[in-house]
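The values are calculated or read from the model by the stated rules, or taken from the named source; none is laboratory data. Just so you know, these numbers come straight off a predicted model, no measurement behind them. Ideal geometry is used to build each Cβ from the backbone, glycine not excepted, and the neighbour counts take in all protein chains shown. Areas reflect the complete protein model, heavy atoms only, side chains present, ligands, DNA and RNA absent. Shrake-Rupley method; radii C 1.70, N 1.55, O 1.52, S 1.80 Å.
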Amino acid sequence: MDRAVDILDKLIAFPTVSRDGNWDLIRYVADLLAEAGIEARLFPGEAGDRASLFATIGPEGPGGVVLSGHTDVVPVDGQDWTCDPFRMSRRDGRLYGRGTADMKGFCALAIEAMLTADRSALTKPLHLALSYDEEIGCVGVRPMLESLANAGLKPEWVLVGEPTGMQVATGHKGKLGAHAHCHGHAAHSALAPTGLNAIHLATDLISYIRGLQAEFEAQGTRDDAFSVPYTTLHAGIIHGGTALNIVPDHCTLSFEIRNIASDDSRAIFDRLLGEADRLSTAAQARFPETGISVEVFNEYPGLETETQSEAVSRALALSGAEGPMKVSYGTEGGLFANTFGIPVVVCGPGFMDQGHKPDEFVALEQLQSCRAMLSKLVGTLS
């Protein structure tokens with residue numbers, strides 16, 4: 001484990017919060033691979049401070065497996081850490097630091113697997129895919145996937161190493177995030193009825209969102225493999241108003257839909273658009289410049305891998321997991337599945353419950369289990 005832990009130590013030291021990019025980390029990985037004679041292809045983002053990386057060992061051609069991970073992490077701002085979040089520390093059989101669980105632990109092990117595999121013995125390729133900006137909506141992986149698909153890449157299956165406690169996950173919900181821009185008519189608050197309150201418009205839409213949520217909870221299709229077994233809607237951010245004595249003329253509401261596979265997120269979104277149009281028509285009867293405009297700012301598909309697929313059987317055998325499950329959080333897996341039309345399995349060290357919080361950690365035991373799984377996986381390609 002020493003080399004893998006050393007690589008993880010280096011990865012943690014790069015403060016790759018999504019807003020700041022990951023270029024230095026990607027260059028480190030590319031150089032590490034190059035030292036072993038492995039060529040990596042980089043896919044820079046438009047900002048120039050971030051990139052995805054793709055590398056292959058073994059024979060050229062179709063088949064093989066992709067080891068997929070993201071290198072960005074969530075911020076530590078305002079969190080009460082007892083250790084430096086960007087300096088890995090070890091105590092009580094755990095490795096602490098931002099990203100140890102989500103998901104640089106897996107990335108380190110995947111890199112080590114590429115470096116230590118007997119490439120001369122491989123009869124099928126092993127691919128490594130590292131992305132950026134996953135934490136803000138699976139953004140950075142998309143240009144890389146499009147380019148690889150256009151180049152004819154056709155692996156047999158993909159292993160996404162998000163933390164599952166080394167259980168095998170075959171599905172997660174899709175997500176659609178949107179902004180509702182509510183336009184009102186300003187007035188002095190003493191004369192509030194002569195204006196149109198944009199915050200009130202937003203709350204009217206929130207009321208409809210809550211009604212839809214209650215409908216899906218009570219009557220919607222269920223998938224009991226999820227801890228929350230139905231589609232959810234959630235209003236998460238609202239900004240509006242400048243002073244208490246001014247009727248606000250603008251308010252922005254941000255909301256999301258997380259849908260199970262049997263529910264179409266766009267159909268749900270269309271219902272929300274219909275309600276926004278109804279509210280706009282009523283408002284415009286008084287003030288033509290008012291109303292609600294809605295825009296989608298992020299969207300990624302859910303994952304629904306057939307549990308009887310060969311990829312799932314392989315993952316269960318390699319990991320020793322008891323049976324497939326589904327995870328409540330999103331991954332890049334749905335994008336891989338949609339792009340290449342192949343099975344995707346999510347399985348990695350640690351637990352998501354440890355991610356995104358102070359003193360994030362991964363247990364060494366989890367890393368050892370994952371390392372054993374990857375070693376067996378490489379063996380199946382030889």
- Query: Can you pull the accessible area of R41 for me, 1.4 Å probe, Å² to the nearest 10?
  - Reply: 110
- Can you tell which of E135, E215, E162 shows the greatest fluctuation in a Gaussian network model of the chain with Cα springs below 10 Å? E215
- Message: For the full complex of protein chains and a 1.4 angstrom probe, list W157, W81 by accessible area with the highest value first.
- Response: W81, W157
- Beyond 27 Å, what share of the Cα-Cα pairs of the chain remains, rounded to the nearest whole percent? 53
- Task: Starting from the amide H of S382, placed 1.01 Å from N in the peptide plane, find each other amide H under 5 Å away whose residue is 5 or more places distant or on another chain.
- Result: T123
- Item | Counting all C-alpha pairs of region 115-234, share separated by more than 20 Å (%) | 70
- Difference of contour (0.36 nm per residue) and Cα-Cα distance, T252 to D353: 33.3 nm
- Query: If you average the sequence gap of Cα pairs under 8 Å that are 6 or more apart and divide by the length of the chain, what percent do you get for the contact order?
  - Reply: 24
- Message: Give me the net charge for the shell around A202: Cβ to Cβ below 14 angstrom, other residues only, Lys and Arg +1, Asp and Glu -1.
- Response: -2
- Item | Rounded to 10°, Cα long-axis angle of helix 310-319 versus longest principal axis of the chain | 70
- Query: So what is the relative contact order of region 1-130, in percent, for Cα pairs below 8 Å that sit 6 or more residues apart?
  - Reply: 36
- In degrees rounded to 10, the 0-90 angle between helix 23-35 Cα long axis and the longest Cα principal axis of the chain is 20
- Taking a ≥ b ≥ c as the square roots of the Cα gyration tensor eigenvalues, with a/c under 1.5 meaning rounded and otherwise prolate when a/b beats b/c or oblate if not, region 238-368 comes out oblate
- Rank these by accessible area, largest first, 1.4 Å probe: S293, S375. S375, S293
- Can you put K175, K376, K357 in order of accessible area, largest first, using a 1.4 Å probe? K376, K357, K175
- Task: Just tell me which lysines come within less than 20 Å, Cα to Cα, of K173; anything on the same chain fewer than 8 places away is out.
- Result: K326
- Task: Using only the Cα atoms of region 1-147, build the gyration tensor, take square roots of its eigenvalues as a ≥ b ≥ c, and label the shape rounded, prolate or oblate: rounded if a/c is under 1.5, else prolate if a/b is larger than b/c, else oblate.
- Result: oblate
- If you wrap region 149-294's Cα atoms in a convex hull and average its projection over all directions, what's the area in nm²? 13.0
- Could you run the Karplus curve 6.51 cos²θ - 1.76 cosθ + 1.60 with θ = phi - 60° over region 220-237 and give me ³J(HN,Hα) per residue in whole Hz, x for Gly and Pro? x, 4, 10, 10, 6, 6, 8, 5, 10, x, 9, 5, 10, 10, 8, 8, x, 9
- Item | Cα convex hull of region 4-63, projected area averaged across orientations, nm² | 5.3
- Task: Could you pull the Rg and Dmax for region 181-254, using just the Cα atoms, both in Å?
- Result: 16.7, 53
- Note on the structure: Row for region 69-118, column shape: gyration tensor on C-alpha, a ≥ b ≥ c, rounded if a/c < 1.5 i.e. under 1.5, prolate if a/b over b/c, else oblate; value oblate
- Message: Nearest 500 deg cm²/dmol is fine: what mean residue ellipticity at 222 nm does the chain get from its DSSP H runs of n ≥ 4 alone, each adding -39,500 (n - 2.57), divided by its residue count?
- Response: -10500 deg cm²/dmol
- Note on the structure: The Rg/Rh figure for region 83-159, Cα atoms and Kirkwood Rh, to two decimals is 1.05
- Run the 1.4 Å probe and let me know the accessible area of H356, rounded to the nearest 10 Å². 90
- Item | Area of V139 that stays accessible when all protein chains are in place (1.4 Å probe, Å², to 10) | 60
- Mean Cα-pair separation over length for region 193-301, i.e. relative contact order, pairs under 8 Å, 6 or more apart, %: 26
